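Only one structure is covered here, and it is reproduced in the block below.
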């Protein structure tokens, strides 16, 4: 749609941004206008006085980017160490950990047993089919499945957190099964990584 | 903190240049029911950014219930009901005509007056006056459109309301709020990690949402003025927030170390209670408008279906029986029907179930439609769809007749939530 007011809106956004930048201590919230609702003729009164509030022109944005920490000489980061392998893949509609991922799960179980202060987050993922919240629950099922494997290998619950990203980390718009397959997985992430 | 302020500056710039929503309106059916109206261009002094009459006319057209008549054949432009020469307007066969003006007042204020006339009876139907700041002109226009809508249809309008949605652009996710017509998009929060499930508080001043910024889903509550706090950050997932109708509580979904389960929690984060216990997935809770029930989706029967339970807990009752896959329940504001996402022969679509008769009508026609959300008056359902590889927003009337698309050029929009009317 052609919008003749676009430039003006951009300008007002810029002005708002400049105001935000310039006057930190100045309250930005314009008080909701007290709106007089005068009837223009005697029989025309339809509503009591109302205010135009919830003014989104004062919406303030919050930016939330964290910092990832890295460390050298870390077996978890060594590409030659099996501990650097972090993905467990699943069949369609399944939460069963397949045999091919057994050595990797065992390696992480051993590391966690030897490093009792280490904590791991198991992040479940799904492909894009279905609703976001439901897929969040399905991904959770897969992370719980990997957790149970670690539990059986002696890892304590206190060292494991199971979460899910659902379909949020899925490769967008998969056209085939080979693509969808990459999305049905649990990622093993250590705390402070 | 100059760096933080610069970030705000550049992000605001980005939002203004990339996220400007463009509305493409597609209306099907229902034309016989359209009310013919005339919106005379308001007399407007000064250099105001927005043309108030155009905003009012666009709102009315978009509803699908009005035909806004061309007035090129009439030369007069009355700004007050006393100036209307009715004989000039009779030939247009309008049911009603709106006139008004926007005047600049001292102290950077605007005075907006508006009157609606019955053209045949030559009488005033209603009139309003608003004393506003210049940046409230669009909201005043939407309120006037709501007054016209209410006067001529007998129903409450939706125009003076906000929508929230998530965008994904350049690897960043953002929770945005705009007017219901997609104009004035503003970013409430942005992050490198996903943001999902925005939910408006009933007073329209806050939004609860799920952010993955800490490597796991955590529920935040943020006011429109920027106060942000954690509502739920328990072990495991924290997701699917749904406000109770009185705004004092939310239903949420937690996992701790097992499957998703529904809890309730006070809006201040206290008094966490598990609502129902099951070994299955229970998620996507939503309150009935009378607050007596919580509807949710569950795979307790093998395939995902919608169930309900008293908001005090207790016995669970199944609600959907048709189809093998029903998710994302949302109750209409009158509590009489249930919108949901149904797998309709491999296509995920918005469907509406009459809770009295049990009859279901599929309303949308996409392949991956998600996140149904009722307009405050229940007449429209906003949802997420896909056009090509991009996510877009669309709306369909509850009778399936009127369809609208809201597209953002080159961007990705999803997870819409229609907020309450602006008070």
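Overview of results
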item	result
Hey, residue B:308 under 28 Å from residue B:153 (Cβ atoms) and at pLDDT 95 or above or not	no
For residue A:182: the one exception among (1) closer than 18 Å to residue B:258 by Cα; (2) assigned to a helix (DSSP H, G or I); (3) more than 12 Å from chain B (Cβ to nearest Cβ)	(1)
All positions within region B:385-409 that are farther than 15 Å from residue B:353 by Cα, buried (at least 21 other Cβ atoms within 10 Å of the Cβ) and in contact (Cβ under 8 Å) with a residue 40 or more places away in the chain	B:391, B:393, B:402, B:404, B:406, B:408
Residue match in region A:157-178 (condition: modelled with pLDDT under 95, within 30 Å of residue B:351 (Cα to Cα) and away from chain B (no Cβ under 14 Å))	yes
Enumerated strands (runs of 3 or more DSSP E) restricted to region B:322-423, each holding at least 2 residues that are within 14 Å of chain A (Cβ to nearest Cβ) and closer than 24 Å to residue B:154 by Cβ	B:412-421
Check on residue B:62, more than 14 Å from chain A (Cβ to nearest Cβ) and modelled with pLDDT of 65 or more	no
Within region B:221-253, considering residues that are modelled with pLDDT under 95 and at positive phi, the one nearest to the other protein chains (Cβ to nearest Cβ)	B:226
Per-region count, region B:147-164, residues surrounded by 23 or more Cβ atoms within 10 Å (Cβ to Cβ) and more than 22 Å from residue B:202 (Cα to Cα)	2
Hey, residue B:144 surrounded by 24 or more Cβ atoms within 10 Å (Cβ to Cβ) and more than 8 Å from chain A (Cβ to nearest Cβ) or not	yes
Residues that are part of a loop (DSSP other than H, G, I, E, B) and either touching a residue at least 60 places away in the same chain (Cβ under 8 Å) or over 20 Å from residue B:260 (Cβ atoms) (or both), drawn from region A:98-132	A:98, A:115, A:116, A:117, A:118, A:119
Candidate set from region B:54-70 (those that are free of Cβ contacts under 8 Å to residues at least 24 places away in the same chain and closer than 25 Å to residue B:139 by Cβ); member that is surrounded by the most Cβ atoms within 10 Å (Cβ to Cβ)	B:57
Selection status of residue B:110, more than 29 Å from residue B:423 (Cβ to Cβ) and touching a helix residue (DSSP H, G or I) at 6+ places or on another chain (Cβ under 9 Å)	no
Failed item in (1) buried (at least 24 other Cβ atoms within 10 Å of the Cβ); (2) modelled with pLDDT under 95; (3) under 27 Å from residue A:161 (Cβ atoms), with residue B:167 passing the rest	(3)
Subset of region B:292-319 (residues that are closer than 18 Å to residue B:355 by Cα and in contact with a helix residue (DSSP H, G or I) (Cβ under 8 Å, 6 or more places away or on another chain))	B:297
Odd one out for residue B:216 among (1) at pLDDT below 95; (2) under 29 Å from residue B:338 (Cβ atoms); (3) crowded, with 19+ Cβ neighbours inside 10 Å	(2)
Output for region B:92-126, where each listed residue is away from chain A (no Cβ under 14 Å), more than 15 Å from residue B:40 (Cα to Cα) and loosely packed, with under 14 Cβ neighbours inside 10 Å	B:106, B:120
Qualifying residue in region B:71-88 (condition: closer than 29 Å to residue B:422 by Cβ, out of contact with any strand residue (DSSP E or B) (no Cβ under 8 Å at 6 or more places or on another chain) and surrounded by fewer than 16 Cβ atoms within 10 Å (Cβ to Cβ))	no
Residues of region B:191-206 that turn out to be touching a helix residue (DSSP H, G or I) at 6+ places or on another chain (Cβ under 6 Å) and more than 9 Å from chain A (Cβ to nearest Cβ), as a count	0
Candidate set: region A:135-179, residues that are within 15 Å of residue A:119 (Cα to Cα) and part of a strand (DSSP E or B); chosen: the one nearest to the chain's Cα centre (by Cα)	A:163
Flag if residue B:173 is under 20 Å from residue A:136 (Cα atoms) and under 13 Å from the mean Cα position of the chain (by Cα)	no
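For (1) touching a strand residue (DSSP E or B) at 6+ places or on another chain (Cβ under 9 Å); (2) at the interface with chain A (Cβ under 9 Å from one of its Cβ atoms); (3) within 23 Å of residue B:297 (Cβ to Cβ), each residue gets a yes or a no:
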{"site": "B:217", "(1), (2), (3)": "yes, yes, yes"}
{"site": "B:256", "(1), (2), (3)": "yes, yes, yes"}
{"site": "B:266", "(1), (2), (3)": "yes, no, no"}
{"site": "B:274", "(1), (2), (3)": "yes, no, yes"}
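Let's see how each residue does on (1) in the same structural domain as residue B:145 (by TED's automatic domain parsing); (2) touching a helix residue (DSSP H, G or I) at 6+ places or on another chain (Cβ under 9 Å); (3) closer than 22 Å to residue B:423 by Cβ:
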site	(1), (2), (3)
B:208	no, no, yes
B:217	no, yes, no
B:252	no, no, no
B:262	no, no, no
B:266	no, no, no
B:271	no, no, no
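The values are calculated or read from the model by the stated rules, or taken from the named source; none is laboratory data. Computed from a predicted model, the values in this text were never measured in an experiment. Using ideal geometry, Cβ is built from the backbone for each residue, glycine included, and neighbour counts are taken over all protein chains shown.
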